[in-house]
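Student: One structure follows; several queries about it will come next.
The values are calculated or read from the model by the stated rules, or taken from the named source; none is laboratory data. No experiment lies behind these values; they were computed from the predicted model shown. FYI the Cβ positions are ideal-geometry reconstructions off the backbone, even for glycines, and counts take in every protein chain you see. In case anyone asks, the SASA skips ligands and DNA or RNA and just uses the protein heavy atoms, side chains included. Shrake-Rupley method; radii C 1.70, N 1.55, O 1.52, S 1.80 Å.
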Amino acid sequence: MTTVARRDPADKAKIDAIEKKLLANPEIAKLIDDLGTSTTDANDLVRGMLQASITRGLNAEMDAHLGYESGDRSAKAAARTDNHRNGTYPKTVDSNYGPVTVDVPRDRAGTFLLTMVPKGSRRLTDVDDMTVSLYAGGMTIRDIQHHMATAMRVDISHETISAVTDAVLDEAMVWQNRQ
């Protein structure tokens, strides 16, 4: 089971504020100047950009699924469908930069299937890729767990790491024995 490290609620609010700024202001250079240059702020900026990008991508997937963009009443009427948007729900996924919370759109018919962040996934594929890479490099499962918690602020149980590595054990063995 994957668990996310407990964080100060103000941190989530900061990431959410960054996301709103990114979506409202197309001048990213100005935003970077506003946020400062420390590594913490840079990491928060990247997490906010990732969060905004995934949320936008999910909304684009919903647009394609329904056949019209959000707020386009004439296209909605032309689509002549009983299926409409039905709000969003928050989903937290682990990434290389720490946990990000994305707004996943819903449709009334419940037929919308996510592709960018598949239903049931708790991690972006980069986290799985890093886990396999560290394991293939010779790190133990506990070492990987410690590295993920300290370097990436992502708390993954050793059971989850073991499940990920078991799924690709053959590829990991080939990687470890390469010359």
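Student: If you place +1 on the Cβ of every Lys and Arg, -1 on the Cβ of every Asp and Glu, and leave all else neutral, what size is the dipole of the range 58-105 about its Cα centre, to the nearest 20 Debye? Write down the numbers at each step before the final one.
Tutor: Numbers: 5 positive and 7 negative charges, 39 e Å.
It comes to approximately 180 debye.
Student: Another one. Largest first, how would Met49, Met116 line up by accessible area (1.4 Å probe)? Let's see the in-between values first.
Tutor: Numbers: Met49 70, Met116 90 Å².
These residues rank, largest area first, as Met116, Met49.
Student: Give the accessible area for Asp82 in Å² (nearest 10); use a 1.4 Å probe, count only protein heavy atoms, and leave out ligands, DNA and RNA.
Tutor: Its accessible surface works out to 140 Å², give or take rounding.
Student: Under a point spin-label approximation (7 Å from Cα along Cα-to-Cβ), what is the Ser133-Asp166 distance to one decimal in nm?
Tutor: Taking the two extended label points, one gets 2.5 nm.
Student: Can you sort Tyr97, Tyr68, Tyr89 by 1.4 Å-probe accessible area, starting with the largest? Display every interim value, and only then the final one.
Tutor: On the way: Tyr97 100, Tyr68 15, Tyr89 70 Å².
Reading off the accessible areas and sorting them downward yields Tyr97, Tyr89, Tyr68.
Student: Considering only protein heavy atoms, with the full assembly of protein chains and a 1.4 angstrom probe, order Arg122, Arg80, Arg85, Arg108 by accessible area, largest first.
Tutor: On the way: Arg122 100, Arg80 210, Arg85 65, Arg108 155 Å².
Ranked from most to least accessible, the order is Arg80, Arg108, Arg122, Arg85.
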